[in-house]
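The values are calculated or read from the model by the stated rules, or taken from the named source; none is laboratory data. Just so we're clear, the structure is a prediction, and the values are computed from it rather than from any experiment. Don't worry about glycine lacking a Cβ; one is built from the backbone with ideal geometry, like all the others, and counts go over all protein chains shown. The protein model used for the area step is the full one, side chains on, heavy atoms only, and it has no ligands, DNA or RNA in it. Shrake-Rupley method; radii C 1.70, N 1.55, O 1.52, S 1.80 Å.
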Amino acid sequence: MKAQNISLGEKDYLSPTEAIQYWNLSNRKFYAFLKKSQYDFIAFYRTRKLIIRTEFDKYLKKNPKVKEELANGESNQAKKRRKAQSAAQR
C-alpha cells in the first residue's frame, strides 16, 4: 500500500500541513504555536518537523482551550454573508 492511500487518521506521523487539515486548524496560528516552544508531540526527521498524531491528540484533550485557540475560524467572507443575511431578515 502506498503512503498516499493512507488516511490521516491512520498515520502515526503528520506533517504540519496534514495536522492542520486533520484537526481543522488555522495555518497561521498553528505555525506560530509550533515556534513558541518544544513539545513532546514533535519529532524531527532530518530537517522536517513531524507531529506525532496520538501524542498531539492527547495534548489537545488535556488542553481543550488550545484547540479552540488554534481552530480555523469563520472566514471574513462567511461573516459578511451571515451579517447580510441577518440584516435582510430584519
Taking every pair of distinct Cα atoms and averaging 1/r, then inverting, what Kirkwood hydrodynamic radius in Å comes out for the chain?
15.0
Which entries of Lys11/Lys67; Lys29/Lys58; Lys29/Lys83; Lys35/Lys61; Lys62/Lys83; Lys61/Lys83 have Cα-Cα distances beyond 23 Å here?
Lys29/Lys83; Lys62/Lys83; Lys61/Lys83
Just check segment 1-49 against the gyration tensor rule for me: Cα atoms, a ≥ b ≥ c as the square roots of the eigenvalues, rounded for a/c under 1.5, and otherwise prolate or oblate depending on whether a/b exceeds b/c.
oblate
Let me cross-check Arg48: its accessible surface, 1.4 Å probe, with only protein heavy atoms counted, in Å² to the nearest 10?
130
Note the full-extension length gain between Lys49 and Lys35 as 0.36 nm times their separation in residues minus their Cα-Cα distance, in nm to one decimal.
3.9 nm
Would you pull out the residues with amide H under 5 Å of Asn72's amide H, same chain only if 5 or more places away, H placed 1.01 Å from N?
Leu25, Ser26
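Can you give me the accessible area per residue for the chain, using a 1.4 Å probe, in Å²?
Details: 7220 Å² over 90 residues.
It amounts to 80 Å² per residue over the chain.
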Dipole of the chain (Lys/Arg Cβ +1, Asp/Glu Cβ -1, origin at the Cα centre): which of Leu34, Gln89, Leu50 lies farthest to the positive side?
Gln89
